[in-house]
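Engineer: Before I ask anything, let me first share the structure, which is written out below as structure tokens.
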Amino acid sequence: MTEPTRDAEYLGKLQDYYSEYRSLPSYARMGLLLGMAAKSAVGKLLTRLQNQGYLERAPDGQWIPTRQFFERPLSEHPVPAGLPVAANDVGTDGLALDDYLIEKPSSTVLIPVKGDSMIDAGIQPGDIAVVERRHTASLGDIVVAIVDNEFTLKTLGKERGEYVLMPANPAYPVIRPRGALEIFGVMVGLVRKYRH
């Protein structure tokens, strides 16, 4: 018999499995993964996770994750990047990164960053720019632009009434388009993965 108090642990194992295989395991595999000998125990767990909002049934009867399945714990207290403060537990609210970073999924693309021309804006090579595709931008927006038939990531600026693309690294020049300047999209977020 499974213990409801261990549901968070079981959910974590299912999330790790899904992250690796992009699907939920079969009942038999789930039993092995979670240390449950009885198929009925797996079924009861899945029903509890459904009642908690983490899983749902597809029309074909398969168990599938909900948006809540992909949420991660969100601390109620920000961590200072200055002097230490008293530690608090992680909050009970969850946050799905898609909900936080992406307002318009149908017009959002993820673009890997190459080069260091925006490093002083905190954008490093290997980062993933979250870009909302649109053809208009405001001065000061970080944009993906097509200038002289090449893509670039820069800050949109203006000099003497003309639009320019400003780098955030003094080693690079301001781009003053000789031909057309087209806005592909505006950067609305940034993803960086730290490796050990």
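Coordinate-derived values only; no laboratory data. Please read all numbers here as calculations on a predicted model, not as lab measurements. We place every Cβ from the backbone using ideal geometry, glycine too, and count neighbours over all the protein chains shown.
Engineer: With the condition kept exactly as written, say whether any residue in region 33-43 is among the charged types (D, E, K, R) and within 27 Å of Asp99 (Cα to Cα).
Structural biologist: There is no residue in region 33-43 that is among the charged types (D, E, K, R) and within 27 Å of Asp99 (Cα to Cα).
Engineer: Return the residue satisfying two criteria in turn: it lies in region 103-148 and is without any contact (Cβ under 8 Å) to a residue 12 or more places away in the chain and more than 24 Å from Pro170 (Cβ to Cβ), and of such residues it is surrounded by the fewest Cβ atoms within 10 Å (Cβ to Cβ).
Structural biologist: Taking the candidates together, the pick is Ser106.
Engineer: Can you name the residue in region 3-23 that is over 21 Å from Ser40 (Cβ atoms) and among the polar types (S, T, N, Q) and is also surrounded by the most Cβ atoms within 10 Å (Cβ to Cβ) among such residues?
Structural biologist: Only one residue fits best here, namely Gln15.
Engineer: Continuing with the same structure: Filter region 168-184 down to the residues that are within 20 Å of Asp127 (Cα to Cα) and in contact with a strand residue (DSSP E or B) (Cβ under 6 Å, 6 or more places away or on another chain) and list them by number.
Structural biologist: Phe184
Engineer: Cβ-Cβ under 8 Å, sequence separation 6+ or interchain: first residue in region 168-192 and among the hydroxyl-bearing types (Ser, Thr, Tyr), partner not in a strand (DSSP E or B). Which pairs?
Structural biologist: Matching pairs, first to second residue: Tyr172/Ser117.
Engineer: Looking only at strands (runs of 3 or more DSSP E) that fall completely inside region 129-180, which ones have 2 or more residues that are over 26 Å from the mean Cα position of the chain (by Cα) and of a type outside the set (S, T, N, Q)?
Structural biologist: It comes to 150-159, 162-166.
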